[in-house]
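The block underneath contains the structure these notes are about, expressed in structure tokens.
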Amino acid sequence: LAITSISYVLALPRVQCPNHPDACLVEDYRAGDMICPECGLVVGDRVIDVGSEWRTFSNEKALKDPSRVGDAQNPLLNGGDLTTMISKGTGAASFDEFGNSKYQNRRTMSSSDRAMLNAFKEISTMADRINLPRNIVDRTNNLFKQVYEQKSLKGRANDAIASACLYIACRQEGVPRTFKEICAVSRISKKEIGRCFKLILKALETSVDLITTGDFMSRFCSNLGLPKQVQMAATFIARKAVELDLVPGRSPISVAAAAIYMASQASAEKKTQKEIGDIAGVADVTIRQSYRLIYPRAAELFPPDFKFDTPVDKLPQL
């Protein structure tokens, strides 16, 4: 069967110039011709233009859209979203003698497709708010579709499932976000997102990598406006503290916040606990508790090439 299909493909007629068979033909989109660049011979004519029918300019967006092709195909919806919707008529020919519309939509979108479409819009809105790329949105949409079709989370709000799927997609793509960050861009409580997160992992029989302090360090330092040297020092401090088992049972986010606080206090770019807490989504008291655990061995935690603005013995003891 494979040999037959290959021979069939090879047997298909190939458009080429009889005088220059190896020449790469040029397409004249205006005339619809295929022209040989070597001798100018028109090899093929009446080539179908697969481009758009009209050009739409930015100042015409508010007016009627002349495009007749509709939205891009969505493979996540049943039937590939290839439905035709007839708009309401405006002329007399669109109505019968009783005033009823002659043309009606026989097939409307199913309730499951409508629910998924609303969830996809919510996911896209949440991703836009925290500047997540398209690949994470696509992965979230796929996760939501799997969960929705399994019907394993019946009774849970679709918005909560979508928020949990976004959290999982971020973890799987290696750019994790905290529950508080997802909660801030959705209308669902942190507790409900956490419940859905556990249920989805169980339903799909999947897993996510454990989060580490390094996953958040560059983003937190960048949002705080800290230089590269302080970021590298904070990353080193957090990794060393975990290796020495100084912060048992502590969340990686709180350890990262405490490491940033220690590194910034030792440098010229000093940041307060409140500034760091606002960016990391951690309470001041949580940062203090983690800082107190790593402070006694601060001298061992800094990288050897770090340039101190404030010596280790002058760091705040809290």
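The values are calculated or read from the model by the stated rules, or taken from the named source; none is laboratory data. A quick note: this is a predicted structure, and the numbers were derived from the prediction, not measured. Every residue, glycine as well, gets a Cβ built from its backbone with ideal geometry; the counts of neighbours run over all protein chains shown. The protein model used for the area step is the full one, side chains on, heavy atoms only, and it has no ligands, DNA or RNA in it. Shrake-Rupley method; radii C 1.70, N 1.55, O 1.52, S 1.80 Å.
List of remarks:
- Protein accessible area in segment 107-199, 1.4 Å probe - carbon and sulfur %: 48
- Charge dipole (segment 153-271, unit charges on Cβ, about Cα centre) - positive-most of Ala169, Met232, Ile188: Ile188
- For Glu269, Glu122, the ranking by accessible surface with the largest value first comes to Glu269, Glu122, using a 1.4 Å probe.
- Couplings for segment 218-230, taken from phi via the Karplus curve 6.51 cos²θ - 1.76 cosθ + 1.60 with θ = phi - 60°, read 5, 5, 4, 5, 5, 5, 7, x, 7, x, 4, 4, 5 Hz in order; Gly and Pro are left as x.
- Amide H contacts under 5 Å for Val43, placed H, 5+ residues apart: Met34, Ile35, Cys36
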